[in-house]
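Trainee: If you scroll down you'll find the structure; I have some questions about it.
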Amino acid sequence: MPHILTTDFFNRDTLAVAEELLGKFLVRRNVNGISALKITEVEAYDGHQDRASHAYRGRTARNEIMFGPAGLWYIYFVYGMHEMLNIVTGPEAYPAAVLIRGVEGVNGPGRVTKHLNITRNLNTLSARKESGLWIEDRGIIVSKKEIHKTPRIGISYAGPVWGRKKYRFLITEIKKPAA
DNA sequence: TAAGTGATCTCT
DNA sequence: GAGATCACTTAA
């Protein structure tokens, strides 16, 4: 039986949540039915001191949701064309979230949202069945050996310290034998 | 490698 | 209000 992740899962250390999201399934229900895709790549944005985080300069209308309780979707629009999907983590008033950068067969945060028809109208909603977008544990175990950690992407403004932190987690690509 | 695209934020 | 910037993608 798939187990839907709830607040308890998300209301923990952001790095732990990010790492453990690998291998879980992002499930979307819309007019086309239900699709479930395994999460393969994420990034953590953790706390007000994280210079790469939207919350670094304090609370604004956009990042307000990052200060909210865990388990809410934070979806924003960048570069005039891409919606980014994040799940809020940690306790209320502590600004943190995990960006879902890739799922099985769909690489790149902008492509994930496009593929699953995820837009800002889901922003601030809760990750549960009722919202049409949630995350399930389907029993897949991801070993530490399969997990790669690298610096985050597209955050050169974050400076040498925060820019180099290995807050990006991805499942190692398994090389297929040449056909 | 550079352009596209528009919301958001910072400064006037 | 104006200008710069941006947690990206695609086409060369």
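Trainee: When N is the residue count of the stretch A:34-155, what does its C-alpha Rg come to as a fraction of 2.2 N^0.38 Å?
Mentor: Against the empirical 2.2 N^0.38 Å value, I get 1.04 for the stretch A:34-155.
Trainee: Given a cut-off of under 8 Å on Cα pairs at least six residues apart, what relative contact order in percent is computed for chain A?
Mentor: After rounding, I find 27 percent.
Trainee: Can you give me the C-alpha center-to-center distance between the stretch A:106-137 and the stretch A:1-47, rounded to a whole angstrom?
Mentor: 10
Trainee: Comparing A:GLU64, A:GLU83, A:GLU146, which has the greatest mean-square fluctuation in the GNM of chain A with Cα pairs linked when under 10 Å apart?
Mentor: A:GLU146
Trainee: Let me ask something else. Just to be sure I understand the model, the point goes 7 Å from the Cα along the line to the Cβ. What's the resulting A:ILE4 to A:LYS144 distance in nm?
Mentor: My value for the distance between the label points is 3.4 nm.
Trainee: Something else about it: In chain A, with Lys and Arg counted as +1 and Asp and Glu as -1 at Cβ, which of these residues, A:TRP162, A:GLY23, A:THR119, has the Cα nearest the positive end of the dipole, that is, farthest along it?
Mentor: A:TRP162
Trainee: Continuing with the same structure: Just want the ordering: A:MET84, A:MET1, A:MET66, from fewest to most Cβ atoms lying within 10 Å of their own Cβ.
Mentor: In order of increasing Cβ crowding within 10 Å: A:MET1, A:MET84, A:MET66.
Trainee: Normalising by the residue count of the stretch A:68-141, find the relative contact order in percent from Cα pairs under 8 Å and 6+ residues apart.
Mentor: Across the stretch A:68-141, relative contact order equals 30 percent.
Trainee: Using unit Cβ charges (K, R positive; D, E negative) and no other charged atoms, how large, in debye to the nearest 20, is the dipole of chain A about its Cα centre?
Mentor: 500
Trainee: In the structure shown, do any of A:LYS24/A:LYS166; A:LYS129/A:LYS165; A:LYS38/A:LYS144; A:LYS24/A:LYS145 have a Cα-Cα gap over 23 Å, and if so which?
Mentor: Exceeds cut-off: A:LYS129/A:LYS165.
Computed from the coordinates by the stated procedures, all read-outs in this text should not be read as laboratory data. Just so it is clear, the structure is predicted and the values come from calculations on it, not from any experiment. Positions of Cβ are backbone-derived with ideal geometry, glycine not excepted, and every protein chain shown enters the neighbour counts.
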